[in-house]
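Okay, so here's the structure we're looking at.
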Amino acid sequence: EESSMIIDPSINNNVCYTEQSKNDNGTRSDEEPSASQESSAKLCDFDEMLKRKRAEKCIQRKRKSANNIDLINDNDDAISKLIADMRQASKIDKEFNFQRKPATNKMKLLTQVMKKLGKVDLIMAFVEANVLSVMTDWLAPMPFDKSLPHVKIRTEFLKFLENLRIDDYTRLKESGIGKAVMYLYRLNVPSFIINKQSHDRFKFSPLTL
């Protein structure tokens with residue numbers, strides 16, 4: 001019985017060796033990351049980087065969109081103000097004409113008007129804002145003495161209209177600008193020269209119908 005309770009050292013050593021082997025293979029995984037854990041960590045870092053990039057791009061798009069909206073709003077406000085100024089200048093000139101005073105308000109505003117109309121990217125916005133109706137008013141004879149608008153107004157407006165390219169003639173027809181141009185042409189005003197191509201365009205286009 002006593003001999004049965006004696007632990008064989010060789011067996012104990014084998015057990016210790018086995019446990020040590022298990023520790024080397026098992027416990028090490030808790031202390032040091034395995035290859036799969038390192039791979040998972042790299043994937044997590046990559047995913048986080050992608051999330052940050054997407055978030056940054058989203059913020060940039062929102063800022064760009066907001067800037068574009070602000071720019072459009074600024075342009076709309078500037079166009080509306082210029083149209084209002086043109087109407088006011090025409091109104092004052094008519095009043096001055098009745099009072100037999102020099103009517104020069106349109107001329108004072110002409111440089112600013114043509115500068116704005118010269119911006120190609122804003123032409124359609126001006127057309128939609130009914131700038132052609134205001135131009136028709138500017139080209140009309142004065143109410144009291146029937147005097148014509150200044151030669152510079154006539155020539156600058158004609159130059160703009162000759163280069164105007166619009167597929168939808170609805171606004172052009174409603175504005176009456178074609179009739180105003182042909183009226184001045186038929187008066188044989190020396191300074192109001194229209195080449196044959198422009199004459200035919202205004203005469204036979206829906207502008208004058």
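The set of residues in segment 163-185 being in a helix (DSSP H, G or I), at pLDDT 80 or above and more than 13 Å from LEU132 (Cα to Cα) consists of MET182, TYR183, LEU184. Counting residues in segment 89-100 that are of a type in the set (Ser, Thr, Tyr), surrounded by fewer than 16 Cβ atoms within 10 Å (Cβ to Cβ), at pLDDT 90 or above and within 26 Å of PRO143 (Cβ to Cβ) gives zero. Checking each residue in segment 118-151 for being under 17 Å from the mean Cα position of the chain (by Cα) and either closer than 14 Å to SER90 by Cα or among the β-branched types (Val, Ile, Thr) (or both) picks out VAL120, ILE123, VAL127.
The values are calculated or read from the model by the stated rules, or taken from the named source; none is laboratory data. These numbers were taken from a predicted model, which means no experiment stands behind them. Cβ sites come from the backbone with ideal geometry, for glycine too, and all protein chains shown count toward neighbours.
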